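The next block holds one structure in the form of structure tokens; read it before the comments.
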Amino acid sequence: MAVADELRASGARVSFLGTRERIEAELIPAAGYEIDYFKVTGIDRRNPFKAAAAGTRALGSVGAAARAIRARRADVVVGGGGFVAGPAGLAAIRSGVPLVLTEADSHLGLANRLLAGRAARVCLAFPIAGREDERYLVTGRPVPAAILAADRATARERFGVAPGDRCLLVMGGSQGARSINACALSAFAEREGRDFHVLHLAGRRDFDELRERLDRAPHRERYTLLDYEPDLGDTLAACDLVLGRSGGSIFEVAALGRPAVLVPYPHATGDHQHANAAWMSEAGAAIVIDDADLEAPSLAATVATLLGDPDRLANLAQASAALARPDAAWRVAREVLKAAGVPTERLDDRSDW
């Protein structure tokens, strides 16, 4: 979406490929973009029969993706590394349309590994060992412009966070993170001693259960529970510390210079969330807790210690901000336009756009 916004600002026509069953069916039209749908599902590597069925379905979707590419008269196709990107990328190659790939994690996912050798450019969020030749470019992970434009005072007023309150943001992706959700509620609403506001993005899957628990919790004051926010800008702007997973959202966290307590998802493909968390931790921007070690008493103590130490929190925040790549969306968009045949000299001077 962030890259699409940069491309649209440059005068390009942008449309999407996706499925009706995923969040893009809601977000893409809401942002004013057209989207073509086709049938494809993720590959469940734990179940070989389901994986084979998903692979067959993906191959069968290549034709539908190719028809959409031809109908849109596309000059370039951009793959985001998900399961939709596999058939779309193969369709672009079959149709002779340049392909640009983006990788949000610290390793290439399956679709990008299969397609990278035929791509005009592969834009990486992180340096990846063995992926240093001229085809690869480390751009950072694009973040929406709204993240960078979020206003702290406005965001705090929106979520009911008092001007002088310290605030913890709990999040775990669009579906939430079950272990973090349960532990956070236990640590900060069912135990006494908290002296800060909690802004908790639960995800839709667990929201009803957590809502019932919070309504019964003895310390539910200054605890704001939300199911979903399509834009993390306001929630990040409102907080002083983030508790969450270490997927691609760590770039949004860095974009606003927020310190973090990260709990990597232990079953992430290629264990990339541990690598992502290590990237922030080694830079001095985050504290890492293994999911297996996540317990309410120790979590409550860790968060209280950080929020109670302004100097340490400031140092973590400074390190986080140093990791930010606010120009990543434009850097990717620039590679997309180059692949589409826009002259480099025009890309270097945007004054007429």
The listed residue being basic (Lys, Arg) and closer than 20 Å to Ile250 by Cβ, out of Arg73, Arg131, Arg113: Arg131
Only one of Leu225, Leu214, Leu243 that is in contact with a strand residue (DSSP E or B) (Cβ under 6 Å, 6 or more places away or on another chain), assigned to a helix (DSSP H, G or I) and buried (at least 17 other Cβ atoms within 10 Å of the Cβ): Leu214
Residue under evaluation Val332, criteria (1) outside the structural domain of Ala104 (by TED's automatic domain parsing); (2) assigned to a helix (DSSP H, G or I); (3) in contact with a Pro (Cβ under 6 Å, 6 or more places away or on another chain), criterion not met: (1)
Residues that are at pLDDT below 95 and within 24 Å of Glu157 (Cβ to Cβ), drawn from the stretch 235-252: Ser249, Glu252
Selection within the stretch 56-113 - within 18 Å of Val336 (Cα to Cα), assigned to a helix (DSSP H, G or I) and touching a residue at least 60 places away in the same chain (Cβ under 8 Å): Ala88
Criterion violated by Gly173 - all others in (1) closer than 30 Å to Ala304 by Cβ; (2) modelled with pLDDT of 95 or more satisfied: (2)
Enumeration of residues in the stretch 278-316 that are under 19 Å from the mean Cα position of the chain (by Cα) and either outside the structural domain of Leu236 (by TED's automatic domain parsing) or assigned to a helix (DSSP H, G or I) (or both): Ala278, Trp279, Met280, Ser281
Condition met for Ala275 (in the same structural domain as Asp290 (by TED's automatic domain parsing) and at pLDDT 95 or above): no
Any chance Leu168 is on the phi < 0 side of the Ramachandran plot and in a strand (DSSP E or B): yes
Residue list for the stretch 249-269, filter: crowded, with 19+ Cβ neighbours inside 10 Å, over 15 Å from Leu201 (Cβ atoms) and out of contact with any helix residue (DSSP H, G or I) (no Cβ under 7 Å at 6 or more places or on another chain): Phe251
Residue in the stretch 270-283 that is surrounded by fewer than 16 Cβ atoms within 10 Å (Cβ to Cβ) and within 18 Å of Val242 (Cβ to Cβ) present: yes
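The values are calculated or read from the model by the stated rules, or taken from the named source; none is laboratory data. Since the model is a prediction, treat every value here as computed from it, not as a measurement. We place every Cβ from the backbone using ideal geometry, glycine too, and count neighbours over all the protein chains shown.
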